[in-house]
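The values are calculated or read from the model by the stated rules, or taken from the named source; none is laboratory data. Computed from a predicted structure; not experimentally measured. Methodologically, a virtual Cβ is constructed for each residue, glycine included, from the backbone with ideal geometry; neighbour enumeration extends over all protein chains shown. Keep in mind that these areas ignore ligands, DNA and RNA; they rest on the heavy atoms of the full protein, side chains included. Shrake-Rupley method; radii C 1.70, N 1.55, O 1.52, S 1.80 Å.
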Amino acid sequence: MKLIAQFKTLWNSLRDTVPDVERFMNTYKMDCPAALNRLLVSGVPATVEHKSASSSDSVSAVAVAECVQHYITAMDSLKLNMVAVDQVHPLLLDLLSSLNKVPMLSANFEGKIKTRDWISKLSRMGASDELNEQQARQLLFDLDSSYNAFINALPSASK
């Protein structure tokens, strides 16, 4: 995540010199499509996206608590009109990382997919860009619906 952040900072300052990263990579025969995807599309390291945790109960409980915390923090931030990319992006990265630690959630869990999609959208924007009212409202709706899906995916204590 640190390297991706450094790349974005440098790229923003060098856009006049290197306006098209893909063309730069082709010119210098840099054949690394996974790196290109991580830097320009998803904005998330593979270790965060594919991380899994052990299935012990204490690890699961901590992972669930972290997810709830990150969902609430992200939703509250949007409600407080914190809509700049550099404010929202780290919150969604934390949320995705915590979702990936919950062993009972599949890779195609709605919350993971929606969070990944939003991280990808934000990665294509500049750090100082802000979500417009419609985007912020949609993100809040997506977070709320995926939070509800997350709660419903948890095993019930009565089972």
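Structure summary
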| read-out | value |
| --- | --- |
| Carbon plus sulfur fraction of accessible area for the chain, probe 1.4 Å, in percent | 55 percent |
| Nearest-ten-degree value, helix 57-79 long axis tilted from longest Cα axis of the chain | 60 degrees |
| Å² of accessible area per residue within the chain, as computed with a 1.4 Å probe and no ligands counted | 60 Å² |
| Radius 12 Å from Cβ of Thr73, net charge of other residues (Lys, Arg +1; Asp, Glu -1) | -2 |
